[in-house]
Amino acid sequence: MMLPERYDPKNRELFWLSVWEKNNTYKFDSSTKKELFTIDTPPPTLSGMMHIGHSYSYSQTDFVARFQRMLGKEVFYPFGTDDNGLPTERLVEKLKGVKSSEMSRSDFVSLCLKTLNELHPSFVGDWKRLGISCDFNILYSTIDDHSRRISQRSFVELWNSGRCYRKESPTIWCPECQTAISQVELKDNVLKSQFVNLKFGLESGGNILIATTRPEMLPACVGIFVHPDDSRYKNLVGKRARVPLFKHFVTIRADPRASMVKGTGIVMCCTFGDQTDIEWFKAHNLELKIAITRDGKMTEIAGAYAGLKIMIARKKIVEDLKSAGLVDGLKDIEHSVNVHERCNTEIEIIQSKQWFIKYLDLKEKFLEQGRKINWYPEYMRSRLENWINGLQWDWCISRQRHFGIPFPVWYCVKCDEPIVASAKKLPVDPLETGCPVKKCSKCGYSKFVPEKDVLDTWATSSLTPRISTELFKGKPIFKKLYPMTLRPQAHDIISFWLFNTLVKSFLHDNILPWNDAAISGWLLAPTGEKMSKSKGNVISPQVLMEQYSADALRYLAASSKLGEDMPFQEKMLVTGTKTITKIFNAIKFSVPNLGAYDGVKPSKFSIVDSWALSKLQHVIEASTESFLVYEYSKSLREVDSYFWQIFCDNYLEIVKDRFYNKNNYSDDEIVSAQFTLYHLTLSILKLYAPFLPHITEEAYHFFHSGKENVDSIHRTSWPVVNKRFFDKESEECGDVLVDILSVVRKFKSNKHVSLKTPVKELHIHCEDLHKELIGKIEKELKSSTYSEKIVFSKNVDTPCDRFAIEVGVVLGQSSPISSLPS
């Protein structure tokens, strides 16, 4: 075939993408007899386009998928989108200029589904453009009927087993999103605040000081606590104090949960400021006072401050406390505050009726399950264990939103008894479907109201192993797909996605959802900060693929160890581009020299060929071992080192004399060169294929595809170590040759002459052992250094890097022997 002059990644990557789609190159064969490798692909939130973090972590998963496919396994690699959460709701509101709270639920849900259908093709197209080798025919959305059925079925099963319950209790609440959230949706932000020392007047006379960062909670103060061992305050226990500004009296109690070292050692209990307030409220049967509304404003019990937003009320209350002489001091601080991870709003704890999954009693079981998983890297397991050990709440799974998967529940109007749909009738929307029973089994009443809340998005996303594999329910392959092989994901959602999936698989099936967990890190801004729109440091993967290529962006992703955060480095895109160009040029050079290669093995290999083949076996071995434990970056380093230093810099330079001056070589030497060049180039392309799928496919079709009779390099077999090619003596001979060649190249470079400048005499001083080795490679040494004569002499002083060999060079007609400067 006529080889192109240059490689144009923009056109050729799109060309190969179309070929792969046309040929179903990555199609999963459900009738396969092969060993399976199943991937619980993370369903990205459909946010309009792929972001740089997606390109980073999904590329890393794809390296593994392509490697396993080349190992001969049938790879189950589905693709889903996470479409039922708050981000989708916010996106639709932004794009369509609407507010969900101002629309009927049915109208807003219809708008969301319509918008998702509009966005879906281009969104998924970004993953295809990157070269992600999912079978995009195995496609799901976490809001489609299939996912709704499985999510609602999970709820029904957990209700039937006694694990789901509904209760009015203190609940973590986001005033901005106006919905309950779970502990997993919290994150800590460091915020500026003030410690305010407040004077509480004792009923018996005098004052006590209490430090707080939330003076707006004073109207909800229902108690004061001190530690029972705190000698300073033992005499206060049982007495009463007046709450400043709001003037109601509360009792002082002793409880070991009060800290003797925080603030003044006396703490007020408000309903509710934090988890400890909840514990005190329950343990001491305290009064419930609600000071904050669901939309983040002060209630009527705040008196003059009713209706004010929290921050405004806080400022005004402090001003009034100071004016009343009730402040003993203010101290500016920075402290960690729980915020909603979606909107960064400080959370509140309010009393509300919500649905929960009971699981605090299973913490030890979850720890046991986590230890059964093969973690890559291993240290990531501690993040899961820290999360489990820190759990304080059952899982709140109800959300007060329009868009999401409905609870399949109705309530008796008279007694509030829940009526849960049958699993056979799912999916169902209670707002659109009547209650399935005519009378309440508890009180006999016949009127019912539907549940308006929707399920937490993680209650559905935690079922992705079931959602993807049940697309094949009813087929023989189905039972082999679950549990799955691999869960790939970023480290920031271990407590979200990984933990919740572990929980659901344990509660439903008492099994692990997958054997391995491969945890990726973040791609950070060049400064090492997290990328965010607010900081203006977001980098677009679409722009990078246009400016460089998809393969170059994948190369960047492969340069980081699994689990490590890495600052964005444009130089890695440049290095990736250079590697792509070098592969193109190296194969383009090799193909014409392969000539009529017909697969015949030489009767004897040239030493240089044996050196290159032996070195390759080490690379194949190390690369395979690294990939098997998800150390793809180590595999890439091995391949890069071989390709650049062994193959391009040296082997091609040494062997080309056999192609350019065939009359100086025997037929066997030519056959040896052709056989070796074919197998080296094919193996190099295969070793690079998981990382750089487009250029390796392009180069493979220059020559190798016709010989291998496989229509894609991604359907060929991964290179296997051939022990017969290991040759220690040839390796040593080749290394000696390369070291001497390196000295000569440095000498010519320092003299500012061409590397092709003839060498009249090449003087070498070495031991007899190395003389013998050099004698075996004399022809190659002369041709690669352009030397007329090799002289063993002591008249030298430039040492080689690795061997006890010194070299001197006499150029053409130049004068005395010269060596490299020290």
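The values are calculated or read from the model by the stated rules, or taken from the named source; none is laboratory data. Predicted model, so just to flag it, every value in this text is computed and none were measured. Methodologically, a virtual Cβ is constructed for each residue, glycine included, from the backbone with ideal geometry; neighbour enumeration extends over all protein chains shown. SASA here: full protein model, heavy atoms, side chains in, ligands and nucleic acids out. Shrake-Rupley method; radii C 1.70, N 1.55, O 1.52, S 1.80 Å.
Of the residues in region 403-426, how many are part of a loop (DSSP other than H, G, I, E, B), open to solvent by 20 Å² or more (accessible area, probe 1.4 Å) and touching a strand residue (DSSP E or B) at 6+ places or on another chain (Cβ under 8 Å)?
Of the residues in region 403-426, 2 are part of a loop (DSSP other than H, G, I, E, B), open to solvent by 20 Å² or more (accessible area, probe 1.4 Å) and touching a strand residue (DSSP E or B) at 6+ places or on another chain (Cβ under 8 Å).
Taking Thr581 and the conditions (1) touching a residue at least 24 places away in the same chain (Cβ under 8 Å); (2) open to solvent by less than 20 Å² (accessible area, probe 1.4 Å); (3) in a helix (DSSP H, G or I), which numbered condition does it fall short on, given that it satisfies the others?
Here Thr581 meets the rest and fails (2).
Among the helices (runs of 4 or more DSSP H) confined wholly to region 436-506, which include 3 or more residues that are over 29 Å from Glu417 (Cα atoms)?
Answer list for region 436-506: 464-469, 478-481.
Being assigned to a loop (DSSP other than H, G, I, E, B), crowded, with 18+ Cβ neighbours inside 10 Å and among the aliphatic types (A, V, I, L, M) is the filter here, so list the residues in region 741-793 that pass it.
Selection gives Ile777 alone.
Scanning for something modelled with pLDDT of 95 or more, hydroxyl-bearing (Ser, Thr, Tyr), surrounded by fewer than 20 Cβ atoms within 10 Å (Cβ to Cβ) and assigned to a helix (DSSP H, G or I), does region 15-24 turn up at least one residue?
Yes.
Considering only residues that are in contact (Cβ under 8 Å) with a residue 12 or more places away in the chain and open to solvent by 60 Å² or more (accessible area, probe 1.4 Å), which ones fall in region 296-323?
Once the filter is applied, which keeps residues that are in contact (Cβ under 8 Å) with a residue 12 or more places away in the chain and open to solvent by 60 Å² or more (accessible area, probe 1.4 Å), region 296-323 yields Lys297, Ile301, Lys309.
Please report, ordered by residue number, the strands (runs of 3 or more DSSP E) entirely within region 301-381 with at least 1 residues that are at positive phi and modelled with pLDDT under 95.
Here the list reads 327-340.
Starting from residues that are crowded, with 20+ Cβ neighbours inside 10 Å and not hydrophobic (A, V, I, L, M, F, W, C), keep the ones in region 649-668 and report whichever is nearest to Ser614 (Cα to Cα).
Within region 649-668, the match that is nearest to Ser614 (Cα to Cα) is Tyr651.
All but one of (1) of a type in the set (A, V, I, L, M, F, W, C); (2) in contact with a Pro (Cβ under 8 Å, 6 or more places away or on another chain); (3) crowded, with 19+ Cβ neighbours inside 10 Å hold for Trp280; state the number of the condition that does not hold.
The number of the failed condition is (2).
Restricting to region 627-640, count the residues that are open to solvent by 50 Å² or more (accessible area, probe 1.4 Å) and in a helix (DSSP H, G or I).
Number of matching residues: 4.
Give all pairs with beta carbons closer than 7 Å in which a residue from region 448-466 that is within 15 Å of Gln178 (Cα to Cα) meets a residue that is at pLDDT 95 or above and assigned to a helix (DSSP H, G or I); count only pairs at least 6 apart in sequence or on separate chains.
If the second residue must be at pLDDT 95 or above and assigned to a helix (DSSP H, G or I), the pairs left are Leu455/Ser151; Leu455/Phe155.
Within region 589-626, can you find the residues that are open to solvent by 50 Å² or more (accessible area, probe 1.4 Å) and farther than 17 Å from Lys707 by Cβ?
Phe589, Ser603, Lys604, His618, Glu621, Glu625
Need the failing condition index for Val222 against (1) surrounded by fewer than 21 Cβ atoms within 10 Å (Cβ to Cβ); (2) outside any helix (DSSP H, G or I), just the number.
Unmet for Val222, out of (1) surrounded by fewer than 21 Cβ atoms within 10 Å (Cβ to Cβ); (2) outside any helix (DSSP H, G or I): (1).
Which condition number in (1) within 18 Å of Asn593 (Cα to Cα); (2) crowded, with 20+ Cβ neighbours inside 10 Å; (3) modelled with pLDDT of 95 or more; (4) not small (Gly, Ala, Ser) is the one that Phe691 fails?
Tallying (1) within 18 Å of Asn593 (Cα to Cα); (2) crowded, with 20+ Cβ neighbours inside 10 Å; (3) modelled with pLDDT of 95 or more; (4) not small (Gly, Ala, Ser), Phe691 fails exactly one: (1).
Name the residue, out of Gln645, Gln674, that is of a type in the set (S, T, N, Q) and surrounded by fewer than 19 Cβ atoms within 10 Å (Cβ to Cβ).
Gln645
Which of the following residues is closer than 21 Å to Thr501 by Cβ and either open to solvent by 40 Å² or more (accessible area, probe 1.4 Å) or in contact with a Leu (Cβ under 7 Å, 6 or more places away or on another chain) (or both): Ile143, Ile138?
After applying the criteria, what remains is Ile138.
I'm checking my understanding of the structure. Among residues of region 334-352 that are hydrophobic (A, V, I, L, M, F, W, C) and open to solvent by less than 30 Å² (accessible area, probe 1.4 Å), which one is farthest from the chain's Cα centre (by Cα)?
Ile350
Report whether or not Met103 is in contact (Cβ under 8 Å) with a residue 60 or more places away in the chain and either crowded, with 21+ Cβ neighbours inside 10 Å or more than 30 Å from Thr624 (Cβ to Cβ) (or both).
So Met103 passes the test.
Among the residues of region 242-277, write down those that are assigned to a helix (DSSP H, G or I) and of a type in the set (Val, Ile, Thr).
Across region 242-277, the qualifying residue is only Thr276.
If you check Leu158, Leu111, which single one turns out to be of a type in the set (A, V, I, L, M) and either under 27 Å from the mean Cα position of the chain (by Cα) or at pLDDT below 95 (or both)?
One residue alone meets the criteria, Leu111.
If the requirement is being surrounded by 18 or more Cβ atoms within 10 Å (Cβ to Cβ) and touching a Ser or Thr at 6+ places or on another chain (Cβ under 8 Å), which of these qualifies: Leu498, Leu486?
Leu486
Show the residue pairs meeting these rules: Cβ distance below 6 Å; 6+ apart or different chains; first residue within region 541-552 and touching a residue at least 40 places away in the same chain (Cβ under 8 Å); second residue among the β-branched types (Val, Ile, Thr) and surrounded by 20 or more Cβ atoms within 10 Å (Cβ to Cβ).
The qualifying pairs are Pro541/Ile52; Asp551/Ile580; Asp551/Ile695.
Report, by residue number, each residue of region 168-219 that is assigned to a loop (DSSP other than H, G, I, E, B), touching a Ser or Thr at 6+ places or on another chain (Cβ under 6 Å) and surrounded by 22 or more Cβ atoms within 10 Å (Cβ to Cβ).
Hits for region 168-219: nothing passes.
Out of the residues in region 283-294 that are open to solvent by 60 Å² or more (accessible area, probe 1.4 Å) and not in a helix (DSSP H, G or I), which is nearest to Ile172 (Cα to Cα)?
Here the answer is Arg294.
Under 7 Å by Cβ, and 6 or more places apart or on different chains, what pairs join a residue from region 518-539 that is in contact (Cβ under 8 Å) with a residue 24 or more places away in the chain and loosely packed, with under 15 Cβ neighbours inside 10 Å with one that is among the hydroxyl-bearing types (Ser, Thr, Tyr) and assigned to a loop (DSSP other than H, G, I, E, B)?
Val538/Ser532
Any residue that is of a type in the set (D, E, K, R) and open to solvent by less than 10 Å² (accessible area, probe 1.4 Å) - is there at least one of those in region 707-727?
The answer is no; no qualifying residue exists.
Is it true that some residue in region 566-577 is farther than 30 Å from Ala517 by Cβ, out of contact with any Lys or Arg (no Cβ under 9 Å at 6 or more places or on another chain) and buried (at least 19 other Cβ atoms within 10 Å of the Cβ)?
For region 566-577, residues farther than 30 Å from Ala517 by Cβ, out of contact with any Lys or Arg (no Cβ under 9 Å at 6 or more places or on another chain) and buried (at least 19 other Cβ atoms within 10 Å of the Cβ): absent.
Restricting to region 44-86, count the residues that are part of a strand (DSSP E or B) and free of Cβ contacts under 8 Å to residues at least 60 places away in the same chain.
Total meeting the criteria: 3.
For Arg12, are the conditions met, namely being part of a loop (DSSP other than H, G, I, E, B), open to solvent by 30 Å² or more (accessible area, probe 1.4 Å) and either closer than 18 Å to Ile695 by Cα or of a type in the set (Asp, Glu) (or both)?
For Arg12, the condition - part of a loop (DSSP other than H, G, I, E, B), open to solvent by 30 Å² or more (accessible area, probe 1.4 Å) and either closer than 18 Å to Ile695 by Cα or of a type in the set (Asp, Glu) (or both) - is not met.
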